[in-house]
Each structure stands twice: as C-alpha cells, then as structure tokens.
1. Can you give the FRET efficiency to the nearest 0.05 for A:D24 and B:E53, using r as the Cβ-Cβ distance and R₀ = 30 Å?
2. Averaged across the residues of B:16-26, what count of C-beta atoms belonging to other chains lies within 10 Å of each residue's C-beta?
3. Using r as the Cβ-Cβ distance of B:R41 and B:L61, and R0 as 22 Å, what FRET efficiency do you calculate, to the nearest 0.05?
4. Lys/Arg Cβ at +1, Asp/Glu Cβ at -1, dipole of segment B:11-68 taken about the Cα centre: which of B:T19, B:P43, B:A65 is farthest positive-ward?
5. Set the Förster radius R0 to 22 Å, insert the Cβ-Cβ distance between B:M1 and B:S33 as r into 1/(1 + (r/R0)^6), and round the FRET efficiency to 0.05.
6. Whose amide H sits under 5 Å from the amide H of A:L12, counting only residues 5 or more places off or on another chain, with H placed in the peptide plane?
There are 2 protein chains.
Amino acid sequence: MAAPTQNPERLLTPGEVATLFRVDPKTVTRWASAGRIGSIRTPGGHRRFRESEVRGLLADLTSEASNGLR
Amino acid sequence: MAAPTQNPERLLTPGEVATLFRVDPKTVTRWASAGRIGSIRTPGGHRRFRESEVRGLLADLTSEASNGLR
DNA sequence: CGTCAATAGGGTAATTAGGGGT
DNA sequence: TCTGTCCTAATTACCCTATTGA
C-alpha cells in the first residue's frame, strides 16, 4: 500500500509529555486547558501534543536555567 | 491543472488514520462504529476513510497555544 | 493459487478526563 | 497561583485468531 500520507508531525500522549517535564499528566492537562500548550483532541476526548512544540517548550525552560533571559 | 479527468477522493486505511491521531487502529475502528467518523466498507468488511473528512476533523480538534511567548 | 501485511472481532488491562480538596 | 493526589466514568491499548486485500 504505502500511501503517500506525508505527516512527519509526531504526536505525544499526556503521559509522555508528563515524563519529559517530570510532572503529573494532570499538570500537562492543565497547561493545555490554560492554552499554554497546543493540543489535539481525539474524537474520544483524549489529548495529543506535538512533539516539536513540546521540545521547544522544554528547550525554552532549559535555556532559562543557564540564561537570565525572561 | 493537468488532471481534469476526475477528482478521486483519497481513501485512508485505519492504520493511516491511526498514525495521524497517534492512536491504535482499533481505536479508529471504534470511532467508525460509534458514528464519530464516516467510513466506507469494502465488500470484505474492511473500512476506508475519506482523507478530507479525516483532515477536517483533525484540524477542527486542534487547538494552538494562545501564546508561547512569555 | 500461494504469500505477506493489515484489519476485524472480542476481551482485558492501562491511561486519561473531569471535579473536588490539600 | 500552581501542583500533586483521590475519586468515578469514559476512552484507549494490547492480547488472541480468522479473514481480507494486494
């Protein structure tokens, strides 16, 4: 089959994002509800997050530790 | 415009739809059974999904961050 | 006709959503 | 204000075998 469905956008589950940030999945859910992070809902209501966006956010927090930029 | 013959609606397999939503193919099947997404059945019973409908649904359920700048 | 990957289906375990309270 | 935990209900993930599609 190999359908040319190009979509390199990898999505992460709340649990994955929670592991990356070392927080509870609930906290990730709150971030999404607060509009601080983009979210994609499944028809069932569960959330998925863009890996690129999560990485960007993570990188921003990392640079904050060694950089006084705010 | 080099193909004015027809406009073939691309059909996606459960596996491809599952990849787009980052879920299990079985979950996509449940969505079809629950009527949450339109499905086309092959004579053998396998399901196919319209790409336009899937992408539309995906875009509709996507929420971008209000503001990543801080 | 035969081969290989994907799908359907049923059942059970794990994850997630949402609200409430610390 | 923000986060971690408790609860229930709903959704999703993984196990299996048989059939379909290419």
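Derivation of every value follows stated rules applied to the coordinates shown; laboratory data play no part. These numbers come from a predicted model, not from an experiment. FYI the Cβ positions are ideal-geometry reconstructions off the backbone, even for glycines, and counts take in every protein chain you see.
1. Taking R0 as 30 Å, the efficiency between A:D24 and B:E53 is 0.30.
2. That average works out to 4.
3. Working: r = 24 Å, r/R0 = 1.10.
My answer for the efficiency is 0.35.
4. Going by the Cα projections, it comes out as B:P43.
5. Values: r = 39 Å, r/R0 = 1.77.
Efficiency computed from Cβ-Cβ geometry: 0.05.
6. A:F49, A:R50, A:E51
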